[in-house]
Amino acid sequence: MRSMFSQPLIRRLLIVVGVLVLIGLIPLAQRQFAERNNKTVELAYSYQGIDNLSQVTGYGRREIMLALKNMGLTSIVLHEETLRSLQAEGKVTLIKGSSLLNDNRILPRANNLLYSRIPRNYTISAQFCYLVVDDSLIFDLVKTILELKLGSKRVKDLGWETLEVAAKEEDVLDIPLDINVDKAIAINEVGYAVIPAFQNHPEFGDEQYSYKISRLSDFGNQIILLLGDEAIGQPEMSKLVQMRFKEVHKLIGFEELTSLPRGIRQVITPTQILRFHHLDVLTGSEAVSVKRAIRAVVERNNRVIVIEPYTGLGVPNLFQFNAGVIAKIKKGLLSRGFRVEPIEKSPYRDFTGSIFSFLSIASAWILGWIFMRVFIRSLGVSSLLWSGVGVATLFICGSVVGRLWQVMSLAALTIAVCAPVLIWIYLEEYINEPHVKRDFKYLYRGIGRVFFFSICAGILIHNLLFTSTYFWGLTVFSGVKLAMTLPFFILVAYAYIKPGRLRYTAFIIMRALSHPITIRVLIGGLLVLGAGVFYVMRTGNGGLIAVGQSEIAFRSGLESLFMIRPRTKEIVIAYPLLVLFLMYGYRVGLSMNQKKGLWILSALVSVSVINTFCHIHSEPLISLYRSFIGLGIGTLLGILIMVGIDFFVARRRAKSGPPPYV
């Protein structure tokens, strides 16, 4: 049978795709150049972390901040004060009206101090809360902010630093009051950058939002952290709030592995976005904490590491322990070419569609048509041209309505699904070539071609997904699970139904089901089903199955050796299966189902390598380096398994004759 890839039209189209891949190296180089300027990292503590460390060690806050600055700490995250935090510090007292009435009924003089502060004959309301503040400065601040954020009608001054607040106790305690200016000044005096952290509150109105946003410029900072899943001003982002936000030219940080706060896209540009990683330092695992921080920077493009110090038991000198963690993180980042200092600006631009995006979409169109040609052999040049017109129309419409990123997502998913299938059809033809010596040169050539073709597909996908929408996490690429699973189903259909018999698919399935189901088939089917479910639940943007301690230790070991951890599925499963298929797939002793099973499962190599380039937050060279590590270790492991099998078969032959597959 004539090879599909030897047909003149197919060969010409694949040459065009190859040229498009070469052109696609240009935006990859542009991305890498931008990454060269993106080497500044901030190491930060929260002010609460400084406070906790001060309490357990006995050192003063200023003393701790000065010492940690010498270790490499650059910034302090300052959260808004709340009445809860002020009450914990003994500066205010908040009592529910119902509690006052109930206590007074049992012990009439229990709250004489409070009753002495309110006007005579004033009636306590059970629905309200009563706030007592002795410090006049704090009282004025709290009163002003509560009136501003709750409205003056809901806050009543009863005299003698006592307020009546028309709100629930929990709501009042958790209302963010404001960034403490005195703390901000003290932090600046030590030489730190202040990173204010703000959280949205449903009680706010336009006036309150406007006040909060206008305060963002008061701290001499460049970065603002937004906490929670809503931007300031949600759920209704008024024009006033949008205008105020756009007047503040700051970098907006949000925590990695979470969706961007709702509403933020209305008020800032993608070049203002920054990701931060929250690191809890754990006792007994100082090295793990350091690796986590470095990996968050190197692999996932976080540029602010907010460190929460360890303040528990089991460490002789807590201060030295936590200071040592900061010093080691800084040393590790410096050794990798990063700078540890306050960030002044973002090196990125707003990544939108360009001519390179259109060319990558064109490559998806060509690969998609070749893929359809595999199953529908009657497709000709006219279908290619008409489908091209459809793709061009889709590109133009996406550009006009501002949904080009969705068109590029569809094109990326097309390549992610079609490329592994086409590569493995080529591999089937490669292994069935007659008169080929099956030696290590043949093995390396086959693996090298699979790896090269998969990298080319990954480059095209990277160029399609490298937009601000995906890079900054504005939207998650929702086709990950499809890209990781659908190629296997298509290869099963190709192997067992064959392209020319697709019209008889239902008949073939019914005939297969009509055969008696043996215990062996049932057990095998259950094992395959269980493995498939496990695989699907471990894939995607967030796996549903947690890794075990042994796998964590294995991953940590790989990370220590190579700095960037290769994908476990590649080195343990994918490449060993590919080696076994290339070296044993042609032998007549294996059953047809065994050969097809090896062929289908080994496609995990291409699926995984391509998926690595879907991680847009990682630099292209990091994805390439990670893939090369997986190639080297996985191939070596596969060769060792093959040598072990040959050794076992040789011993068996010596005892009982030649092996059954020779």
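When the charge dipole of segment 580-658 is built from unit charges on Cβ atoms (+1 for Lys and Arg, -1 for Asp and Glu) and taken about the Cα centre, the candidate among 580, 625, 614 whose Cα reaches farthest toward its positive end is 580. Okay, which of segment 125-159 sit inside 16 Å, backbone N to the point 7 Å along the Cα-Cβ direction of residue 171? Counting only backbone N, you get 126-131, 146-156.
Full extension of the chain between residue 95 and residue 135 gives 12.7 nm of extra length, using 0.36 nm per residue less the Cα-Cα distance. Here the gap between residue 19 and residue 48, fully extended at 0.36 nm per residue and compared with their Cα-Cα distance, gives a gain of 4.9 nm. In the structure shown, the pairs 149/345; 143/168; 291/330; 39/246; 96/183; 69/246 are assessed against 23 Å; a Cα-Cα span above that value is assigned to 149/345; 39/246; 96/183; 69/246. Ordered from longest to shortest, the equivalent ellipsoid semi-axes for segment 329-461 are 35, 30, 8 Å, each the square root of 5 times a Cα gyration tensor eigenvalue.
When each of the peptides 296-305, 242-251 is scored by the mean number of other C-beta atoms lying within 10 Å of its residues, the order from highest to lowest reads 296-305, 242-251. Mean projected area of the convex hull spanned by the Cα atoms of segment 1-82, taken over all viewing directions: 12.6 nm². Candidates 52, 65, 29 compared by Cα position along the dipole of segment 23-78: farthest toward the positive end lies 29, with charges placed on Cβ. What the Cβ-Cβ distance of residue 288 and residue 88 gives, at R0 = 30 Å and to the nearest 0.05, is a FRET efficiency of 0.45. Residue ranges 18-25, 626-633 sort as 626-633, 18-25 when ordered by packing (mean number of other C-beta atoms within 10 Å per residue, highest first).
Go through 6-14, 76-84 and give me the packing order, highest mean Cβ count within 10 Å leading.
On the way: 6-14: 13.2, 76-84: 21.6.
Final packing ranking: 76-84, 6-14.
In segment 602-616, whose amide N lies under 20 Å from the spot 7 Å out along Cα-to-Cβ of residue 640? List them in ranges. Residues passing the 20 Å test: 605.
Quick note: the coordinates plus some simple rules give every number you see, no bench work behind them. Treat the numbers as computed from the prediction; the structure is a model and nothing was measured. Note that we place each Cβ from the backbone using ideal geometry, even for glycine, and neighbour counts take in every protein chain shown.
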